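Asker: Before I ask anything, here is the structure I am working with.
The values are calculated or read from the model by the stated rules, or taken from the named source; none is laboratory data. None of these values were measured; they are calculated from a predicted model. Neighbour counts run over all protein chains shown; Cβ positions are idealised from the backbone, glycine included. Areas reflect the complete protein model, heavy atoms only, side chains present, ligands, DNA and RNA absent. Shrake-Rupley method; radii C 1.70, N 1.55, O 1.52, S 1.80 Å.
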Amino acid sequence: MSRSRRRNGDRRWSQRRRSPARRWLDYGLTIALFALLALLVARLDAVNTRTEQGMARIVDGDSIELGGQRVRLRGIDAPEYRQNCTREGTEFACGRESRNALLRLTQNKTVVCSGWRNDQYGRLLGDCTADGIDLNRTQVEAGWAVAYGDFEREEAAARAAGRGVWAGEFERPRHWRDRQGGQPEPEHDVLAGIGDWLRQLFRFW
């Protein structure tokens, strides 16, 4: 018998001898995985989505108060209330116009916001509607907010059409806040959401 044949035969014999142990290892890993999943599911009840609804008080173009709960519209960033932009060479109060746009969308309507994350100021990061109108998406589509972890397509469409702040020149709200000495705020993207989810989950461990 050649050396290569003996080596192949030894390998097959070794695999047959180890196969029961490997099967038990596979069983053990599977049981451990299911146990971990069961534990995670049991903990998920502590990370419930919260829902607030009622008549909203508009703070600025991406922030409202609803039933005593401060809500930051998730995935968007609107000009700050005191922020100015430029249109046709003239400054205008884009922060106020953004707030007014959100006010018109919500006036005399029932606003519903859902979310499970809080931002660094303790505000609920919410997806909000007013009588079925998606407020987060509509603010970006109208050009009165920019994408901030979501709604990139809506921003691109508003920019191409020259709507809202895209009709002229403006400074990204996050950069304007930086110049004013504001606290940096992370974008509301998927990666940040996973990090928040894990922190929320293990807070109740």
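Conditions tested, residue by residue: (1) out of contact with any helix residue (DSSP H, G or I) (no Cβ under 8 Å at 6 or more places or on another chain); (2) aliphatic (A, V, I, L, M); (3) more than 13 Å from residue 60 (Cβ to Cβ).
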position: 78; (1), (2), (3): no, yes, no
position: 81; (1), (2), (3): no, no, no
position: 87; (1), (2), (3): no, no, yes
position: 92; (1), (2), (3): yes, no, yes
position: 112; (1), (2), (3): yes, yes, yes
position: 123; (1), (2), (3): yes, no, no
position: 156; (1), (2), (3): yes, yes, yes
position: 179; (1), (2), (3): yes, no, yes
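Asker: Given the structure, is residue 96 at pLDDT 90 or above, part of a helix (DSSP H, G or I) and open to solvent by 80 Å² or more (accessible area, probe 1.4 Å)?
Answerer: Yes.
Asker: Just for segment 68-79: of the residues that are modelled with pLDDT of 95 or more and open to solvent by 40 Å² or more (accessible area, probe 1.4 Å), which one is nearest to residue 173 (Cα to Cα)?
Answerer: This residue is 74.
Asker: Applying the selection to segment 99-114, what residues are surrounded by fewer than 21 Cβ atoms within 10 Å (Cβ to Cβ), farther than 20 Å from residue 158 by Cα and not hydroxyl-bearing (Ser, Thr, Tyr)?
Answerer: 107, 108, 109, 112
Asker: Out of everything in segment 130-153 that is more than 12 Å from residue 71 (Cβ to Cβ) and of a type in the set (S, T, N, Q), what residue ends up being most open to solvent (accessible area, probe 1.4 Å)? Give the steps one after another, and end with the answer.
Answerer: Looking only at segment 130-153, we keep the residues that are more than 12 Å from residue 71 (Cβ to Cβ), and these are 130-134, 137-153.
Next cut, of a type in the set (S, T, N, Q) only: 138-139.
Details: 138: 36, 139: 1 Å².
Looking at residues that are more than 12 Å from residue 71 (Cβ to Cβ) and of a type in the set (S, T, N, Q), I get 138.
Asker: Right, something else. With the requirement that a residue be in a helix (DSSP H, G or I) and in contact with a Leu (Cβ under 9 Å, 6 or more places away or on another chain), what does segment 123-144 give you?
Answerer: 135, 136, 138, 139, listed by residue number.
Asker: Related question: Scan segment 145-175 for residues that are in a helix (DSSP H, G or I) and of a type outside the set (D, E, K, R) and jot them down.
Answerer: Within segment 145-175, the subset in a helix (DSSP H, G or I) is 152-161, 164-167, 173-175.
Across segment 145-175, the qualifying residues are 156, 157, 158, 160, 161, 164, 165, 166, 167, 173, 175.
Asker: Okay, next question. Which of the numbered conditions does residue 72 fail, given that it passes all the others? Conditions: (1) charged (D, E, K, R); (2) out of contact with any helix residue (DSSP H, G or I) (no Cβ under 9 Å at 6 or more places or on another chain); (3) not in a strand (DSSP E or B).
Answerer: Every listed condition holds for residue 72 apart from (3).
Asker: Then there's this: Do any residues in segment 127-156 that are under 19 Å from residue 176 (Cα atoms) have Cβ atoms under 7 Å from those of residues that are assigned to a loop (DSSP other than H, G, I, E, B) and modelled with pLDDT under 95, where the two are at least six apart or on different chains, and which pairs are they?
Answerer: Once the first residue is under 19 Å from residue 176 (Cα atoms) and sits in segment 127-156, its partners that are assigned to a loop (DSSP other than H, G, I, E, B) and modelled with pLDDT under 95 give 148/187; 148/188; 149/187; 149/188; 149/189.
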